Amino acid sequence: MAVRVHNLKGTAERPAPSGYSSWREWWEARKKRKFDNCANLNCKNPAEVGGHVQKDDLSDRKWSIVPLCKECNKKTDSFYVREDDLEPVNQ
């Protein structure tokens, strides 16, 4: 199922959880799979970073990490990702 999300501002310097060198490494460990393509359903670039996103649903304000290419990680407008690509982050 696809969900609409937006990038969170001001999270670039947020460190990955203890024991992980990057958000990518954390996401891959949690999901038990490797990055593939960018999670943005309208993008075919390889994923490069673990991007902080939030659903555009006011009833669910959790932050999540998704695999994104660097270009999509800078998007200011909303985009769609597969819900199973979202990995919630404790805020």
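Every number here is computed from the coordinates shown, using simple stated rules; none is lab data. Note that the structure is predicted; figures quoted are calculated from it, not measured. As a convention, Cβ positions derive from the backbone with ideal geometry for all residues, glycine included, and neighbour counts pool all protein chains shown.
Of the GluC sites (Glu not before Pro) in segment 1-37, the ones in a loop by DSSP (not H, G, I, E or B) with at most 12 other beta carbons within 10 Å are 13. A simple spin-label model places the labels of residue 29 and residue 59 3.3 nm from each other, with each point 7 Å out along Cα-to-Cβ. Top mean-square fluctuation among 68, 41, 58, Gaussian network model of the chain, C-alpha springs under 10 Å? Checking each option, the largest mean-square fluctuation is seen for 58. Multiplying the residue separation of residue 22 and residue 6 by 0.36 nm and subtracting their alpha-carbon distance yields 3.7 nm.
For the chain, the list of trypsin sites (Lys or Arg not before Pro) that fall in a loop by DSSP and count at most 15 other C-beta atoms within 10 angstrom reads 9, 32, 33, 34, 44, 61, 62, 74. With both labels modelled 7 Å from their Cα along Cα-to-Cβ, the residue 70 to residue 36 distance reads 2.4 nm.
Each of (1) 51; (2) 47; (3) 17 is a candidate for percent of Cα pairs over 22 Å apart; the one calculated from this structure is (3). For the chain, lysine pairs with C-alpha atoms less than 23 angstrom apart, excluding pairs fewer than eight positions apart on the same chain, total 29.
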